[in-house]
Amino acid sequence: MKLARILTALALGAALGLGATATATADTGSSPAPRATEDTGSEDAADRARTAKARKGPIMATYKGKKFDMADGWGDAKVCSEYPDLTVKCFATDAEAQADIAAYAKKDPRALPKAPKGRSAKIQPAAPASMTSTASGDGAVPLAASCSFGWTCLGEHQNLGGRKLQWSANGTKTLATWGFRDEATSTCNNDESGGMGIVDYRTNWPDPELITILGTCVTSLHEFSYPPELGAGTWNDRADEVWM
């Protein structure tokens, strides 16, 4: 299924000249200065219609012992993880989330995959030495933020800064139901196999997709131009859906 989506996206991009599908490795250069976001408004009619069609129910998560619907906002939670059993747990820090993943794997060693030889157990976007964990806005770089093997991750800011979403099971996620529509600025794909794509819902057009290849991160979606036929700007804050 993932291979078919990748091939279809590549074919559409070539046929229509959209430039909507790309791959990227971690950015090892200096990080760009924060720029204005491209899509910060409320959901338009197309977004609402597509979200309603895709939605199969609320995404309920647990944070500090309490359940909440992610579409209603995360409160002060910063990292949310969907486990293989489809439960979602949120945490105040990335360190807490990573510790819980380790505890989950220890409790059931077969539940989460282990990185084979030649693959990294964790990957993270390159953090320029000039940036610190106390930076603000899209320049935020939590130096400990990473994406564990078997997981795919989205960051609200560059280098997985700000809020972070991560999934251990393959599938298609409608980001409005996760409280993350039009908020992704960085991605990491440390899945077992295949690509990871973000999708922007469009009306009367093929949905443009941007692919993060296996074992890599997109440090900043500011660096990837949005198809000019569909709108100006970059892929920052464009994602309505993610598939892996």
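The values are calculated or read from the model by the stated rules, or taken from the named source; none is laboratory data. Small disclaimer: the values here were computed from a predicted structure and weren't measured. Cβ coordinates were reconstructed from backbone atoms using ideal geometry, including for glycine residues, and neighbour counts include every protein chain displayed. Side chains included, ligands, DNA and RNA excluded: accessible areas come from the protein's heavy atoms. Shrake-Rupley method; radii C 1.70, N 1.55, O 1.52, S 1.80 Å.
Descriptive notes on the structure:
- Here each label is just a point 7 Å from Cα along the line to Cβ, and for residue 202 and residue 106 those points are 4.8 nm apart.
- Annotation: average projected area of segment 53-93 is 3.3 square nanometres, based on the convex hull of Cα atoms across all directions.
- Normalised contact order of segment 171-226, rounded percent, pairs of Cα under 8 Å and 6 or more residues apart: 36
- Kirkwood Rh and Cα Rg combined as Rg/Rh, segment 171-221: 0.97
- Between residue 92 and residue 67, the simple spin-label model (points 7 angstrom out along Cα→Cβ) gives 2.4 nm.
- Site pair residue 99 and residue 126 shows an inter-label distance of 3.2 nm when each label is modelled 7 Å from Cα along Cα→Cβ.
- Rolling a 1.4 Å probe over the heavy atoms of the protein chains gives segment 164-244 an accessible area of 26 Å² per residue.
- Close amide-amide hydrogen proximity is noted between residue 181 and 176, each under 5 Å apart and 5 or more residues distant or on a separate chain (H modeled in the peptide plane; Pro and chain starts excluded).
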